[in-house]
Amino acid sequence: MIETPMNERTARVARTTKETVVEVSVNLDGTGRADVSTGIGFFDHMLTALAKHARFDLELRCKGDLEVDDHHTTEDCALALGQAVDAALGDRRGIERFGHAYAPLDEALARVVVDLSGRPWPKVNLGLKRERIGEMSCECIDHVFRSLAINLRASLHVDVLEGDNDHHRAEAAFKACAIALRRAVSRSGSSEVPSTKGVL
């Protein structure tokens, strides 16, 4: 279920399966306030950083089958978040559309480039070496970016260029993604859809 109030860049998504129950609300014109609870501490930390640096207000709650593993929870949260941001953008009229950012975290450096094109295309190179960071498997971090891009209907290129510490590499990637999204969703001052096709 997706709810989008008129004339506001906000949306609420509720998703229920046999594996997870996820509720997400997002305001693209917020201040970076986050209230996140997924049951996975490191994932909460990353989503909070994403909201903070994108300046989205984000509320996200998930009850997932963590007794199985972290895959369903992380995937479904990213899926629902992507759907919520997509819904909040509406027809994408008057947005910048493109965004890019570099973000360092100590020795780590990440680059993210996004195009809110309506065509999902994730390309993710994190270069993580550990099996897990806290309670989150590193393969799921990669999958979060891919699921987000597909459900946001965006071309998303995430590359971690430097870094020895996997926590730093992952967090730099989330922060760079946040800043790139903040720029891409920002209002351009135009009332047109930013595409020669006339639709995104």
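The values are calculated or read from the model by the stated rules, or taken from the named source; none is laboratory data. Fair warning: this is a prediction, and the values are worked out from it, not measured in the lab. We place every Cβ from the backbone using ideal geometry, glycine too, and count neighbours over all the protein chains shown.
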Those residues of the range 1-36 which are of a type in the set (D, E, K, R) and either surrounded by 15 or more Cβ atoms within 10 Å (Cβ to Cβ) or modelled with pLDDT of 95 or more (or both) amount to Arg9, Arg12, Arg15, Lys18, Glu19, Glu23, Asp29, Arg33, Asp35
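Just to check your reading of the model, which residue among Ala103, Ala84 is within 24 Å of Gly30 (Cα to Cα) and in contact with a Cys (Cβ under 9 Å, 6 or more places away or on another chain)?
Ala103
Condition test on Glu59, is it part of a strand (DSSP E or B) and of a type outside the set (Ser, Thr, Tyr)? Reasoning before the result, please.
Details: part of a strand (DSSP E or B): yes; of a type outside the set (Ser, Thr, Tyr): yes.
Spelling it out, Glu59 is indeed part of a strand (DSSP E or B) and of a type outside the set (Ser, Thr, Tyr).
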Exercise for review: Answer yes or no: is there a residue in the range 96-117 that is under 17 Å from the mean Cα position of the chain (by Cα), farther than 30 Å from Gly189 by Cα, at pLDDT 95 or above and of a type outside the set (S, T, N, Q).
Suggested key: no
Of the residues in the range 9-31 that are in contact with a Ser or Thr (Cβ under 9 Å, 6 or more places away or on another chain) and among the small types (Gly, Ala, Ser), the one that is nearest to Phe98 (Cα to Cα) is Gly30
Flag if Arg130 is farther than 14 Å from Leu50 by Cβ, surrounded by 18 or more Cβ atoms within 10 Å (Cβ to Cβ) and in contact (Cβ under 8 Å) with a residue 12 or more places away in the chain
no
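Suppose we keep only residues that are small (Gly, Ala, Ser) and buried (at least 18 other Cβ atoms within 10 Å of the Cβ) within the range 93-116. Which one would you say is farthest from Ala78 (Cα to Cα)? Reasoning before the result, please.
Applying the first criterion (small (Gly, Ala, Ser)) to the range 93-116 yields 94, 99, 101, 103, 108, 110.
Subset that is buried (at least 18 other Cβ atoms within 10 Å of the Cβ): 99, 101, 103, 108, 110.
Numbers: Gly99: 19, Ala101: 20, Ala103: 21, Ala108: 23, Ala110: 20 Å.
This residue is Ala108.
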Residue hits (the range 148-200; polar (S, T, N, Q), in contact (Cβ under 8 Å) with a residue 24 or more places away in the chain and out of contact with any strand residue (DSSP E or B) (no Cβ under 8 Å at 6 or more places or on another chain)) are Asn151, Ser190, Ser191, Ser195
### Task
Answer yes if at least one residue in the range 37-55 is in contact with a Ser or Thr (Cβ under 7 Å, 6 or more places away or on another chain), at pLDDT 95 or above, of a type outside the set (Lys, Arg) and in a helix (DSSP H, G or I), and no otherwise.
yes
Taking the range 119-167 and the residues there that are among the hydroxyl-bearing types (Ser, Thr, Tyr) and under 26 Å from Pro194 (Cα atoms), the one that is nearest to the chain's Cα centre (by Cα) would be Ser147
